[in-house]
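Asker: One structure coming up, written as structure tokens, with questions to follow.
Derivation of every value follows stated rules applied to the coordinates shown; laboratory data play no part. Because the structure is predicted, anything quoted here is derived from the model rather than measured. Using ideal geometry, Cβ is built from the backbone for each residue, glycine included, and neighbour counts are taken over all protein chains shown.
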Amino acid sequence: MGYCRIIESDMNVLSVLPRLKLQKKLEGALMLAQVTMQNAASEYECMQLSRLGGYEGFLVDSDALRFRDTVLLVEMLRQENSNAAVFVFARYLDLEQRLKLLHAGADNCIIGPFFGSEVVTRLGLSIRLRQAATPAALTVLRACDLELDLVLRTVRRSGKPIALRPKEFLLLEYLMRNVNRPVSRAMILERVWGSSFDGLANVVEVYISALRSKIDRDFEPKLIQTLRGNGYTFVCSNGLRDS
């Protein structure tokens, strides 16, 4: 079939598709294209498996989750997998919901009914576009006058060395990779602590405060900003750069 040539046969797709009929339909279409699909039992398992890498696409059933949980899952999948395609499936999504999902990082919102061959073709094209647009991995992150070396695990601001604890380093890396974008406490917990437990929200605040005291207190401008009700953002007018 023609669509099989659009997607590479050695690709792997991870899904969260509790609706068995939907799961079987997509699994069958991908099988014809010789693509392996693994189904996660929950959004939590999906995030855990996604961190192992090796997936070119993610398929999420919005009907099986609360909508806000679907948006959060899409956001986290996109943050962790910039070169993978993320498709969301639903019986119905209104315009506002579709826009929220697209802004969160979804490549496509598929409203049933649909043709499996068309979905596979769209998925393959999205994967190719994502991979073509993904830059080479950086070993040093630079934003404004702050430099974070991912190999040596060192941090400097205006040339001055700054000592960070391991979790502080991971938190700063996550903020820098999302420069000028808001990140919620839930997103930070999931990425830095690998947890969705709300009771840890105060831990995020403690670490943000400690990080500010080290990289912002004696410098201008202040890089870590609080967004009331929305979490935090790392602000730098020049964005992230590799030179």
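Asker: Find me the longest stretch of the chain that has none of the exposed trypsin sites (Lys or Arg not before Pro), where exposed means in a DSSP loop (not H, G, I, E or B) with at most 16 other Cβ atoms within 10 Å.
Answerer: 154-216
Asker: Which chymotrypsin sites (Phe, Trp or Tyr not before Pro) from segment 77-129 combine a DSSP loop assignment with at most 15 other Cβ atoms within 10 Å?
Answerer: Answer in residue order: TYR92, PHE114, PHE115.
Asker: Can you give the extra length, in nm with one decimal, that the chain gains between VAL151 and PHE67 once fully stretched, where that is 0.36 nm per residue apart less the Cα-Cα distance? Can you show the working numbers first?
Answerer: Numbers: separation 84, 0.36 × 84 = 30.24 nm, distance 3.81 nm.
Taking 0.36 nm per residue and subtracting the Cα distance, the gain is 26.4 nm.
Asker: Would you mind calculating the gained length between LYS167 and ALA132 on full extension (0.36 nm times residue separation, minus the Cα-Cα distance), in nm to one decimal?
Answerer: So the chain would gain 9.4 nm between LYS167 and ALA132.
Asker: Ranking request for peptides 158-166, 56-64: highest mean number of other beta-carbon atoms within 10 Å first, then the rest in descending order. Let's see the in-between values first.
Answerer: Numbers: 158-166: 11.8, 56-64: 23.1.
Top of the packing list down: 56-64, 158-166.
Asker: Now for a separate question. Pulled fully out, how much extra length does the chain show between ASN83 and GLN34, if you take 0.36 nm times their separation in residues and subtract their Cα-Cα distance?
Answerer: Roughly 15.6 nm would be gained on extension.
Asker: I've got another one for you. Ranking VAL86, VAL235 by Cβ neighbours within 10 Å, fewest first, what do you get?
Answerer: Listed from fewest to most nearby Cβ atoms, that is VAL235, VAL86.
Asker: Provide the net charge surrounding GLN225, with neighbours chosen by a C-beta distance below 11 Å and charges set as Lys +1, Arg +1, Asp -1, Glu -1.
Answerer: Summing Lys and Arg as +1 and Asp and Glu as -1 gives +2.
Asker: What distance in nm separates the two pseudo spin-label positions at ALA41 and ARG91, each 7 Å out from Cα along the beta-carbon direction?
Answerer: Going by the 7 Å Cα→Cβ label model, 2.5 nm.
Asker: Related question: Placing unit charges on C-beta atoms (Lys and Arg positive, Asp and Glu negative, everything else neutral), compute the dipole magnitude of the chain about its Cα centre in debye, rounded to 20.
Answerer: Result for the chain is approximately 320 debye, rounded to the nearest 20.
Asker: 222 nm [θ] for the chain, helices only, -39500 (n - 2.57) per DSSP H run of 4+, per residue, to 500?
Answerer: -12000 deg cm²/dmol
Asker: Separate question: Could you give the semi-axes, largest first, of the ellipsoid that matches segment 2-133, computed as the square roots of 5 times the alpha carbon gyration tensor eigenvalues and rounded to whole Å?
Answerer: 20, 16, 15
Asker: Which log10 I(q)/I(0) values, to two decimals, does segment 140-241 give at q = 0.10, 0.15 Å⁻¹ under the Debye formula with one point per Cα?
Answerer: For the requested q values the scattering log ratios are -0.24, -0.55.
Asker: Next question. What is the percent of Cα-Cα separations in segment 80-177 that go past 21 Å?
Answerer: Of all Cα-Cα distances in segment 80-177, 53 percent exceed 21 Å.
Asker: For the residue pair SER213 and LEU20, what label-to-label distance in nm results when each label sits 7 Å from Cα along the Cα-to-beta-carbon direction?
Answerer: 5.6 nm
Asker: Find the lysine pairs in the chain meeting two conditions, Cα atoms under 19 Å apart and a separation of 8 or more places or different chains, and report how many there are.
Answerer: 4
Asker: Oh, and also: I need the helices of the chain that pass two filters: whole DSSP H segments spanning 15 Å or more by Cα along the axis, and mean Kyte-Doolittle score no lower than 0.5.
Answerer: 201-215
Asker: What nm distance separates the two modelled labels at ASN202 and LEU240, each placed 7 Å from Cα along Cα→Cβ?
Answerer: 3.2 nm
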